[in-house]
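First the structure, in the form of structure tokens, and then the observations on it.
The values are calculated or read from the model by the stated rules, or taken from the named source; none is laboratory data. Here the structure is a predicted model, which means the values were calculated and not measured. Note that we place each Cβ from the backbone using ideal geometry, even for glycine, and neighbour counts take in every protein chain shown. Quick note on the areas: whole protein, heavy atoms, side chains included, nothing else; ligands and nucleic acids left out. Shrake-Rupley method; radii C 1.70, N 1.55, O 1.52, S 1.80 Å.
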Amino acid sequence: MARLSLISLDRPGLAPFPLSDRLRSQLVYFQADPDSPGLPRLGEDEYWFDRDDVARWLDDGFVSLVSPLDTDHPAEVELTEDQEELLGWLLANAVRHARVG
């Protein structure tokens, strides 16, 4: 079975970022808010990442997650090494639009 990767649609010549199944399932934590200005229409398995959010998460070392069961109390979850590598790849390469392939 081929390993999944995140392929930049902004920078077609950039080598894809390898994704574990677990990291693939966590991409939704890092995608931009669907109501973000300038967000293009996304296809299946496509993601848009906000550069400011990515930089803040890397700087802070955690991401805030909001449960639909308790929207008043977001949880701060420390970034894993894999998540930090992904966010670092997005930031270093100025990747905003990517798809899983």
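The table for this structure:
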{"item": "Unmet requirement for S8, which otherwise passes all of (1) open to solvent by less than 60 Å² (accessible area, probe 1.4 Å); (2) in contact (Cβ under 8 Å) with a residue 24 or more places away in the chain; (3) out of contact with any Pro (no Cβ under 8 Å at 6 or more places or on another chain); (4) not charged (D, E, K, R)", "result": "(3)"}
{"item": "Positions within the stretch 24-61 being of a type in the set (D, E, K, R) and on the phi > 0 side of the Ramachandran plot, in sequence order", "result": "D45"}
{"item": "Flag for G38 being loosely packed, with under 15 Cβ neighbours inside 10 Å and farther than 16 Å from V100 by Cα", "result": "yes"}
{"item": "Hits in the stretch 53-62 (condition: farther than 17 Å from Q26 by Cβ and open to solvent by less than 90 Å² (accessible area, probe 1.4 Å))", "result": "A55"}
{"item": "Within the stretch 63-101, considering residues that are surrounded by 14 or more Cβ atoms within 10 Å (Cβ to Cβ) and of a type in the set (V, I, T), the one modelled with the lowest pLDDT", "result": "V63"}
{"item": "Among the residues listed as D33, D10, D45, the single one being among the acidic types (D, E) and modelled with pLDDT of 95 or more", "result": "D45"}
